[in-house]
Amino acid sequence: MLLTIIIFIAVLSLLVFAHELGHFWVSRLFGVKAEEFGFGLPPRIVGVVKDDAGKWRVVGGKDEAVFKRTIYSLNWIPVGGFVKIKGESGEAQGDNDSFSTRKIWQRALMLSAGVIMNVVLAAGILSLGFMLGLPSVVDDEPPTGAIVRDREIQILSVLKDSPAAAAGLASGDVIQKIDGRDFTTTAEVQEYVSGRENQETEFIFNRQGTELVKKITPVKLAETPHGGGIGIGLADVGLVSYPFHVAIWRGTQSAVFLTGEVIIAFGELIKNLVVKQEVAVDLSGPVGIAVLTGRAVRMGITYLLQFTAFLSINLAVVNFLPFPALDGGRVFFLILEKIRRRPVSVRLESLIHNIGFALLMVLVVLITYRDLVRASGQIIGGLKKLIGV
């Protein structure tokens, strides 16, 4: 459990730090002062700044006001970081190095830079993953230049109210043997199970290193009209790696594809929420993400890389939703400014963002409570192992 917590904090810190670094770089590019770039979240441990003579100095309190350069701070809460852009909240409107004095397209790009950086980070992580070998669905003929190893037959989905669901199977479980026999492809498994209709069959699965033995009776399902089935969707999965230059292209391509898929998924989520007043997908907060991180850690470094990249893309898409307090919400106000040819009142915009932030915090608390309820068994078990009970 301790290892999971450490890795979860490291993953979250990487994603947040990359996001803030994007804002920092683009702001500097447009000549806007970054008053502070923090490693971790306040309260501050120490802050340093390079003075006019090019020497690093420790600063604090009233001393900060005399420096025109960025203060780099180390903070007590070891999660991600933050960047304080001069004029971002509407102040310092007459200063040449203020955010508020830049053109609308420049301000929009500065606000969007964190989101862009998260997608770039995902592309970099996936590229590294494809150099090492990422879990992927594989065919009999792998892509040109690909090296496939550790092939296995993995469950992708479990049909509700099926024999597999009753047996407690889950996506990610790997078929090792059926009735003591080894199988190498999904087609072989489907053919064998199809001929076992109404006959008890012994399945051996691997679930994150743990062997599961299940006796399941295949039955005729709507999805298997010509024979028996247990209600699982299967795929041939293996670790796929590429040469360096191909891996970079594949990683970039996958990041763009995943971003599109996540955008579509969020579109469906919002559509169902508005039209049907229901949430059709399962949302996770910090606790749920920590649990998923633990599972990825147990499955291996390549699965953790893949999970981190997917998380980075999710963070990017969520941050760019046109909701107050998010980067997308701030860009939305810039679009209004462009249409109206004058900015929204600083006080009104600030109030709307504060309300939006409060609503987001309420949502996070509710989701976190639900995650705690669902994962209470795992958390208690992990704590017992940690303290040796």
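Restricting the search to segment 42-87, which residues are of a type outside the set (S, T, N, Q), under 22 Å from SER13 (Cβ atoms) and either open to solvent by less than 60 Å² (accessible area, probe 1.4 Å) or modelled with pLDDT under 85 (or both)? Step through it out loud before you land on a result.
The initial filter retains those residues of segment 42-87 that are of a type outside the set (S, T, N, Q), namely 42-69, 71-72, 74, 76-87.
Filter once more, so that each one left must be under 22 Å from SER13 (Cβ atoms): 42-48, 71-72, 74, 76-85.
Across segment 42-87, the qualifying residues are VAL46, GLY47, VAL48, ILE71, PRO78, VAL79, GLY80, GLY81, PHE82, VAL83, ILE85.
From the residues in segment 128-155 that are assigned to a loop (DSSP other than H, G, I, E, B) and open to solvent by 80 Å² or more (accessible area, probe 1.4 Å), which one is farthest from GLY233 (Cα to Cα)? Spell out how you get there, then give the answer.
Initially, segment 128-155 is screened for residues assigned to a loop (DSSP other than H, G, I, E, B), giving 133, 138-146.
Of the ones still in play, those that are also open to solvent by 80 Å² or more (accessible area, probe 1.4 Å) are 139-141, 144.
Working: ASP139: 16, ASP140: 18, GLU141: 21, THR144: 27 Å.
Result: THR144.
Six or more apart or on different chains, Cβ atoms under 9 Å: show the pairs whose first residue is in segment 199-220 and at pLDDT 90 or above and whose second is hydrophobic (A, V, I, L, M, F, W, C) and open to solvent by 40 Å² or more (accessible area, probe 1.4 Å).
GLU202/VAL213; PHE203/VAL213; ILE204/VAL213; PHE205/VAL213; ILE216/ALA166
Residues that are of a type in the set (Lys, Arg): which strands (runs of 3 or more DSSP E) entirely in segment 156-270 hold 3 or more of them? Reasoning before the result, please.
Working: elements: 174-178, 201-207, 210-216, 219-221, 224-229, 232-241.
Qualifying strands (runs of 3 or more DSSP E): none found.
Looking at (1) touching a strand residue (DSSP E or B) at 6+ places or on another chain (Cβ under 8 Å); (2) free of Cβ contacts under 8 Å to residues at least 60 places away in the same chain; (3) over 24 Å from PHE333 (Cβ atoms), which is the one condition that is false for PHE17?
(2)
Within segment 284-320, restricting attention to residues that are at pLDDT 90 or above and more than 11 Å from the chain's Cα centre (by Cα), which residue is most open to solvent (accessible area, probe 1.4 Å)?
PHE320
From the list VAL213, VAL189, VAL193, pick out the single residue that is surrounded by 18 or more Cβ atoms within 10 Å (Cβ to Cβ), out of contact with any helix residue (DSSP H, G or I) (no Cβ under 7 Å at 6 or more places or on another chain) and farther than 21 Å from VAL138 by Cα.
Working: VAL213 fails: surrounded by 18 or more Cβ atoms within 10 Å (Cβ to Cβ); VAL189 fails: farther than 21 Å from VAL138 by Cα.
Unique residue meeting the criteria: VAL193.
Does ASP182 satisfy being within 24 Å of MET299 (Cα to Cα), more than 27 Å from the chain's Cα centre (by Cα) and charged (D, E, K, R)? Before the answer, list the steps.
Working: within 24 Å of MET299 (Cα to Cα): yes; more than 27 Å from the chain's Cα centre (by Cα): yes; charged (D, E, K, R): yes.
Considered against the rule, which asks whether it is within 24 Å of MET299 (Cα to Cα), more than 27 Å from the chain's Cα centre (by Cα) and charged (D, E, K, R), ASP182 comes out as yes.
In segment 231-249, how many are in contact with a Leu (Cβ under 7 Å, 6 or more places away or on another chain), among the small types (Gly, Ala, Ser) and either buried (at least 19 other Cβ atoms within 10 Å of the Cβ) or free of Cβ contacts under 8 Å to residues at least 60 places away in the same chain (or both)?
2
The values are calculated or read from the model by the stated rules, or taken from the named source; none is laboratory data. If you're wondering where the values come from, they're calculated on a predicted model, not measured in any experiment. We place every Cβ from the backbone using ideal geometry, glycine too, and count neighbours over all the protein chains shown. Keep in mind that these areas ignore ligands, DNA and RNA; they rest on the heavy atoms of the full protein, side chains included. Shrake-Rupley method; radii C 1.70, N 1.55, O 1.52, S 1.80 Å.
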